[in-house]
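In what follows, a single structure is set out as C-alpha cells and then discussed.
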Amino acid sequence: MSFFKNLKDKLTKKTDDVTEKFKDGLTKTRDSFAGKVNDLVARYRKVDEEFFEELEEILIGADVGVNTVMELIDVLKDEVKRRNIQDTKEVQSVISEKLVEMFEVDEEDARTLNMQQEALTVILFVGVNGVGKTTTIGKMARKLKDEGKSVLLAAGDTFRAGAIDQLEVWGERAGVDVIKHSEGSDPAAVVFDAVQAAKSRNVDVLLCDTAGRLQNKVNLMNELGKIKRVITREIPDAPHEVLLVLDATTGQNAMSQAKQFKEVTDVSGIVLTKLDGTAKGGIVLAIRHELQTPIKYVGLGEGVEDLQQFDPEQFVYGLFAGIMEEEEE
C-alpha cells in the first residue's frame with residue numbers, strides 16, 4: 001500500500017472539515033509547489049542527479065530553507081537508493097513520507113497547549129508588530145470560550161497605537177473581558193493586574209498580549225523578562241506557554257524573527273499566521289526543522305474557526321491533495 005493511501009486512510013479517521021481547511025488553506029502553496037513537482041516528474045523518466053538538483057531548487061523556492069533542503073535531499077537520495085526506486089513518480093510518495101517524518105519528533109502532546117487542570121493557565125504571546133498577534137489572541141479566546149473555558153485578556157502591548165483598542169474589539173467579539181491600562185503605561189503592571197483579576201474571578205485561561213519591538217533587543221529582553229518575573233512571582237509555574245506568532249507570508253524574515261525572539265525568551269511553541277496567503281508554505285518545514293520548536297497552531301483563513309491546531313498529516317495532505325486524488329482514480 002502506498003504512503004498516500006495510508007495517509008488518506010488515517011485522515012478518514014480525523015475530522016473532515018479540518019482536512020478541508022488544510023486543503024483549502026494551502027491552495028496557493030499546493031498550486032505552486034506540487035504543480036512544480038508534477039512538472040518535474042513528467043519531464044524526467046529516471047531519478048538521477050539532475051532530477052535532484054531541480055527538486056532542490058523547487059524546495060528552496062518554496063521557502064523550505066537551504067539547510068533543511070540539503071538535509072531533506074540527502075535523506076531522499078538515501079531512501080531512493082535503499083528502495084532501488086527508478087520511476088520518478090514514486091519519488092512523490094517518498095517526499096511526502098519524509099515531510100511527515102520531519103514533524104514526528106513532536107509527540108501530539110507537544111503540539112497541544114499546556115492547559116492546567118483545576119488551575120489558572122497563563123499564555124504569553126510574543127512577536128513583532130503586524131504578524132497578526134492580537135488577532136490570534138482574539139481567535140484563541142473565542143476558541144477556548146467555545147470549548148467551555150472562562151477567558152481573560154491582558155492588553156500588555158501598551159506601546160503600539162491602537163493595540164489596546166484592537167484587543168478590546170476582539171474581546172467584545174469573543175465575549176471576554178480585557179484588563180488594560182492607558183497607552184504608554186508599564187506592560188508588567190497591566191499583566192500583574194490581569195493575573196490578580198484572573199485569580200479573583202477563578203478564570204481558566206489568561207491570554208497576555210505583549211509589545212513587538214525588535215529594534216532594540218535589550219529593551220525587548222528587559223520588558224519580557226519583567227513580565228515573566230511578575231507572572232512567575234504570582235504563579236510559580238507560569239507562564240505555561242510562550243507562543244511566538246509569525247507571519248508565514250514573510251518567509252525567511254519570519255525565520256529571522258523567530259531566532260531573535262528565541263534569544264530573548266523561552267518560546268514553547270509557534271503560531272504561524274496567514275499560511276493561506278502564501279505560495280511558499282515550505283516555511284513551515286524550515287521553522288520546525290531549524291528551530292526545534294513545535295508549531296502549535298496555523299492560520300488558514302480570516303475566520304475564527306480558521307485558527308487550527310497544527311497537524312503534520314493534514315499539512316502534507318494539503319500540499320499533495322491533487323496527487324493523492326489522482327492516485328485514487
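What separates the Cα centres of region 25-99 and region 273-321 is a distance of 19 Å. In this label model, Gln196 and Asp74 are separated by 5.5 nm, measuring between points 7 Å along each Cα→Cβ vector. Modelled this way, with points 7 Å down the Cα-to-C-beta line, the labels at Arg173 and Asn67 are 3.5 nm from one another.
Cross-link pairs exceeding 18 Å in C-alpha to C-alpha distance, out of Lys21/Lys98; Lys36/Lys89; Lys21/Lys89, comprise Lys21/Lys98; Lys21/Lys89. Within the listed set Glu168, Glu223, Glu118, the Gaussian network model of the chain (springs between alpha-carbon atoms below 10 Å) gives the highest mean-square fluctuation for Glu118.
Stretched out straight at 0.36 nm per residue, the stretch from Asn114 to Glu49 would grow longer than its current Cα-Cα span by 18.9 nm. With N the number of residues in the chain, Rg(Cα) / (2.2 N^0.38 Å) evaluates to 1.07. Take the Cα of Ala42, step 7 Å toward its Cβ, do the same at Ile60, and the gap between the two points is 2.5 nm.
Taking all Cα pairs closer than 8 Å and separated by 6 or more residues, the relative contact order of the chain comes to 28 percent. For region 56-180, what does the alpha-carbon gyration tensor say about shape, rounded, prolate or oblate, given a ≥ b ≥ c as the root eigenvalues, a/c under 1.5 as rounded, and a/b over b/c as prolate? Taking the square roots of the gyration eigenvalues as a ≥ b ≥ c, region 56-180 is prolate.
Can you give the extra length, in nm with one decimal, that the chain gains between Arg213 and Glu305 once fully stretched, where that is 0.36 nm per residue apart less the Cα-Cα distance? Intermediate values should be presented prior to the final figure.
Details: separation 92, 0.36 × 92 = 33.12 nm, distance 2.86 nm.
Working it through step by step, the gained length comes to 30.3 nm.
Does region 101-165 classify as rounded, prolate or oblate by the C-alpha gyration tensor (a ≥ b ≥ c root eigenvalues; a/c under 1.5 gives rounded; else a/b over b/c gives prolate, otherwise oblate)? Judged from the Cα gyration tensor, region 101-165 comes out oblate (a/c at least 1.5, b/c at or above a/b).
In degrees between 0 and 90, to the nearest 10, how far off the longest principal axis of the chain does helix 187-200 point, with axes built from Cα atoms? Its long axis makes an angle of about 80 degrees. For the chain, a simple Cβ point-charge model (Lys and Arg +1, Asp and Glu -1, everything else neutral) yields a dipole of about 860 debye relative to the Cα centre.
So how do Tyr317, Tyr44 line up by other beta-carbon neighbours within 10 Å, fewest first? Lowest to highest Cβ neighbour count: Tyr44, Tyr317.
Counting helices only, and only those DSSP H runs with n ≥ 4, report the 222 nm mean residue ellipticity of the chain as the sum of -39,500 (n - 2.57) divided by its residues, in deg cm²/dmol to the nearest 500. Numbers along the way, then the final one.
Working: 13 runs with 172 residues, N = 329.
Counting only the DSSP helices, I get -16500 deg cm²/dmol.
The ranking of Thr135, Thr29, Thr112 from fewest to most other beta carbons within 10 Å of each one's beta carbon is Thr112, Thr135, Thr29. Backbone geometry of region 146-161 corresponds, through the Karplus equation with coefficients 6.51, -1.76 and 1.60 at θ = phi - 60°, to 3J(HN,Hα) couplings of 5, 7, x, 9, 8, 10, 10, 10, 10, 7, x, 8, 9, 9, 7, 4 Hz, x marking Gly and Pro. The stretch between Asp186 and Glu20, if pulled fully straight at 0.36 nm per residue, gains 55.4 nm over its current Cα-Cα span.
Think of the chain as a dipole: +1 on every Lys or Arg Cβ, -1 on every Asp or Glu Cβ, centred on the Cα centre; then among Ile58, Ile95, Phe125, Phe125 lies furthest on the positive end.
FYI, it's all coordinate maths here, none of it is from the lab. As the structure is a computational prediction, the values presented were derived from the model and not from experiment. Glycine gets a Cβ as well: all are built from the backbone with ideal geometry, and neighbour counts include every protein chain shown.
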